[in-house]
Amino acid sequence: MEETQLDILRFVKENDVKFIRMSFCDMFGVQKNIAIMADELPRAFEYGISFDASAIRGFGNVECSDLFLVPDCSSVAILPWRPSHERVMQMFCTVKNPDGTDFEEDSRYILRQAVKRSAKMGYMCRVGTECEFYLTYTDDDGEPLLKPLDRGSYADIAPLDKGEDIRRSICLALESIGIFPESSHHERGAGQNEIDFRYSDVLTAADNFMMFKYLVKSVAAQSGLFASFMPKPFLDDSGNGMHINLSLVRCGKNVFKIGKEHSETAESFIAGILEHISEITAFLNPLTNSYRRLGAFEAPKYITWSHQNRSQLIRIPASRGDFNRMELRSPDPTCNPYIVFALLLHAGLDGIEKNISLMAPCNRNLYESADYIKEQGIASLPDTLYKALEAASDSELVHRVLPENLLRKYLVKKYSEVQRVRQAEDEHAFELKTYFPVL
């Protein structure tokens, strides 16, 4: 047994840990877990814990349903909202086949392959996310209501902002498990909040995002509230975005310096993402409801970039040194972060390998430039999930990065969702009934 595994076993024994949550996610980024008793952890390290893969979307069928969860020692977290005695520990897992090989349709494996490609090219990708969510009231049975917690707006304070104590609890809980938020504030929408994260390597960032969503919902529920990550629960208010900040490190230095400190590598990385963005939008924005958010309340619609300009798809924030980065503004928090980060990383690395030139920046407010957009022929993101799925189906990049069996299942499921929404008498009401209680 490895020394790190022995260290974890000692920690479990010395800190009264009784339950281990073996966490993973399905192909849509919905977190799942199998809980084991602490005494079973040595077996989990050596052999893995079996589960019924046919019950997990995108994983298997009843004819070949056994897969195994092997805990990743780099992802240990004590759940702070559980009892302080007989404690609960969570670990993200590698999914294995019965013969011990990696299950290639596991989205965490897909991201690890992207990290390997990046490392072979001499780069480490760093990611920081900015995630928005709504806090709403619940009924007497704890079911969520479409009633925002407050009527605050951007950066308001109490009493308009009624979410500051919950954000404080969330940030302290995150910090206690080694996830470090940088800032938090009330967002533009009534009852809407945002928490931003410190940079980390791309795999850790994906794990942290999964933990963040779980923690936010748990802390909100303890306060008798519901936290919603649905992209557009309120048609007349701001949508929930998941802005993704990306930078590259080579030989210990951030190569993402644009402007006065010109970086062709960073520009080609951005150009690669812009070239492929329409093809991967079905994964960045995976619901029909996602497309009600794009193009309003500072959510982007057009395939452009600029310094600082918040109407652009990609903006380069004002920053210095290690904080130089690009910010992608289209994704929303219902995506699978492992698949999204993998696709973005491969797209950017393609741009570097092919030495793609970055288009000129667009420095206009695109929300007020309809004539300019038409004159310049500026391309737009897919405006429906159906169009995004068509682009993904035809994408060489998507077929190269995602296993064909997983991609087929994803497309079949999403096309079915599109059809069900189209058949609904009131499409947004159908989306609310389907997604709001669970997202």
Handout entry: Long-range neighbours under 8 Å by Cβ, at least six apart or interchain, first residue within 16 Å of Asn336 (Cα to Cα) and of a type in the set (A, V, I, L, M, F, W, C) within the stretch 107-120, second open to solvent by 50 Å² or more (accessible area, probe 1.4 Å) and not in a helix (DSSP H, G or I)
Key = Ile110/Glu104
Exercise for the section: Take the residues in the stretch 60-109 that are touching a Gly at 6+ places or on another chain (Cβ under 7 Å) and of a type in the set (D, E, K, R), then tell me which one is least open to solvent (accessible area, probe 1.4 Å). Expected result: Glu105
Practice task
Considering only the stretch 293-327, state which residues are in a strand (DSSP E or B), out of contact with any helix residue (DSSP H, G or I) (no Cβ under 7 Å at 6 or more places or on another chain) and either surrounded by 15 or more Cβ atoms within 10 Å (Cβ to Cβ) or β-branched (Val, Ile, Thr) (or both).
Solution key: Ser306, Arg315, Ile316, Glu327
Problem - Number of positions in the stretch 270-292 that are in a helix (DSSP H, G or I), more than 12 Å from Leu344 (Cβ to Cβ) and open to solvent by less than 10 Å² (accessible area, probe 1.4 Å) - result: 4
Exercise for the section: Using the structure shown, decide if Val401 is touching a helix residue (DSSP H, G or I) at 6+ places or on another chain (Cβ under 6 Å), farther than 21 Å from Pro231 by Cα and at pLDDT 95 or above. Expected result: yes
Handout entry: Filtered residue count, the stretch 413-439, keeping only those that are exposed (fewer than 11 other Cβ atoms within 10 Å of the Cβ) and either on the phi > 0 side of the Ramachandran plot or among the small types (Gly, Ala, Ser) (or both)
Key = 2
Fill in the blank from the handout: The condition from (1) open to solvent by less than 70 Å² (accessible area, probe 1.4 Å); (2) over 26 Å from Glu105 (Cβ atoms); (3) not in a helix (DSSP H, G or I) that Ile8 misses is numbered (3)
Exercise for the section: Evaluate the following for Arg108: is it closer than 30 Å to Lys409 by Cβ and at pLDDT 95 or above? Expected result: yes
Practice task
Please find, within the stretch 26-59, the residue that is modelled with the lowest pLDDT out of those that are crowded, with 18+ Cβ neighbours inside 10 Å, among the small types (Gly, Ala, Ser) and not in a helix (DSSP H, G or I).
Solution key: Gly58
Exercise for the section: Could you check, for the stretch 193-200, whether at least one of its residues is open to solvent by less than 40 Å² (accessible area, probe 1.4 Å) and outside any strand (DSSP E or B)? Expected result: no
Completion exercise
Of the residues in the stretch 131-151, those that are in contact with a strand residue (DSSP E or B) (Cβ under 6 Å, 6 or more places away or on another chain), open to solvent by 60 Å² or more (accessible area, probe 1.4 Å) and of a type in the set (A, V, I, L, M) number 1
Completion exercise
Per the filter on the stretch 11-25, residues part of a strand (DSSP E or B), within 14 Å of Leu79 (Cα to Cα) and not aromatic (Phe, Trp, Tyr) are Val17, Lys18, Ile20, Arg21, Met22, Ser23
Completion exercise
With criteria (1) farther than 27 Å from Asp394 by Cβ; (2) among the aliphatic types (A, V, I, L, M); (3) not in a helix (DSSP H, G or I), Ala266 comes up short on (3)
Problem - Of residues in the stretch 377-411 being more than 24 Å from Lys301 (Cα to Cα) and outside any helix (DSSP H, G or I), the one farthest from the chain's Cα centre (by Cα) - result: Pro403
Handout entry: Residue satisfying condition, being under 27 Å from Ser84 (Cα atoms), hydroxyl-bearing (Ser, Thr, Tyr), out of contact with any Cys (no Cβ under 9 Å at 6 or more places or on another chain) and open to solvent by 20 Å² or more (accessible area, probe 1.4 Å), within set Tyr214, Tyr154
Key = Tyr214
Handout entry: Selection from the stretch 157-176 of residues that are touching a residue at least 24 places away in the same chain (Cβ under 8 Å) and open to solvent by less than 60 Å² (accessible area, probe 1.4 Å)
Key = Asp161, Gly163, Ile166, Arg167, Ser169, Ile170, Cys171, Ala173, Leu174
Handout entry: Filter result for His243 (under 16 Å from the mean Cα position of the chain (by Cα), open to solvent by 10 Å² or more (accessible area, probe 1.4 Å) and either within 20 Å of Tyr338 (Cα to Cα) or acidic (Asp, Glu) (or both))
Key = yes
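The values are calculated or read from the model by the stated rules, or taken from the named source; none is laboratory data. Not measured: the values here are computed from a predicted model. All Cβ positions, even for glycine, are placed from backbone atoms using ideal geometry, and neighbour counts span all protein chains on display. Only protein heavy atoms, including side chains, enter the accessible area calculation; ligands, DNA and RNA are left aside. Shrake-Rupley method; radii C 1.70, N 1.55, O 1.52, S 1.80 Å.
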